[in-house]
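Readers should treat all values here as calculations from the given coordinates under stated rules, not as data from a laboratory. Every value quoted in this text rests on a predicted model; they were computed, and no experiment measured them. For neighbour counting, all protein chains shown are included, and Cβ atoms are generated from backbone atoms with ideal geometry for every residue, glycine included.
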Amino acid sequence: MKKIDTFLKNYIDHLSDELLKVNSNNLNLAADEILKKIRAKSTIFVCGNGGSAAIANHYICDFLKFFRQKTNFKPKIISLSNNIETITAISNDLNYKYIFSYQAESLCKKNDLILIISSSGNSKNIVEILKFSKKNKIKTIGFSGFSGGYLKRNCDIPIHVNAKNYGISEDSHHILMHVILQYLIDLVKK
């Protein structure tokens, strides 16, 4: 039986390998787009399912509190994954695939930004929010894993981690969120 220290080393090596393969040009484009929206006082929306929803909600904590604390900016950032009452009502009365796009119809404007996090990139609600975004000319940044799926092919700025493992994919997306956050703070700090 493998010892946990060996498993840990292999896991971290795999995570590190995948992170180093991320397209740094797209990562830079994503950081630039996020900062552009913050400077324009546009709203940034985030969404995801399961572990990706947790990462989406963590964006709120780090950008709303930490980014504001360390810079002179007051970013407007909202998670479409956060309101369980609204999500279950939409899911129950309409269809689960509309949980993000239905909210976006009421909340999003043309100059806003939507950050979408999905390991598979193929969930029906991810497809629907992308269709809504395209139709309404709202820019999207997509964090995907595995083959990237529909999200990678249809978002404006794909941040793809080619991991075939949900843990590695989600850990990578979380780390990349922190990388972008701390890079932007360093760029514009007080």
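Out of the residues in region 22-54 that are without any contact (Cβ under 8 Å) to a residue 40 or more places away in the chain and either among the aromatic types (Phe, Trp, Tyr) or assigned to a loop (DSSP other than H, G, I, E, B) (or both), which is nearest to Asn83 (Cα to Cα)?
Gly50
Name the strands (runs of 3 or more DSSP E) wholly inside region 87-190 in which the number of residues that are in contact with a helix residue (DSSP H, G or I) (Cβ under 7 Å, 6 or more places away or on another chain) and of a type in the set (Ser, Thr, Tyr) is 2 or more.
Result: 139-144.
Any residue that is among the polar types (S, T, N, Q), within 15 Å of the chain's Cα centre (by Cα) and either crowded, with 17+ Cβ neighbours inside 10 Å or farther than 20 Å from Asp17 by Cα (or both) - is there at least one of those in region 105-113?
no
Under 6 Å by Cβ, and 6 or more places apart or on different chains, what pairs join a residue from region 6-21 that is surrounded by 15 or more Cβ atoms within 10 Å (Cβ to Cβ) with one that is part of a helix (DSSP H, G or I) and not charged (D, E, K, R)?
Final answer for the pair search is His14/Ile168; Leu15/Ile168; Glu18/Ile168; Glu18/Ser172; Leu19/Ser172.
Please tell me if Asn165 is farther than 19 Å from Tyr59 by Cβ and in contact with a Lys or Arg (Cβ under 8 Å, 6 or more places away or on another chain).
no
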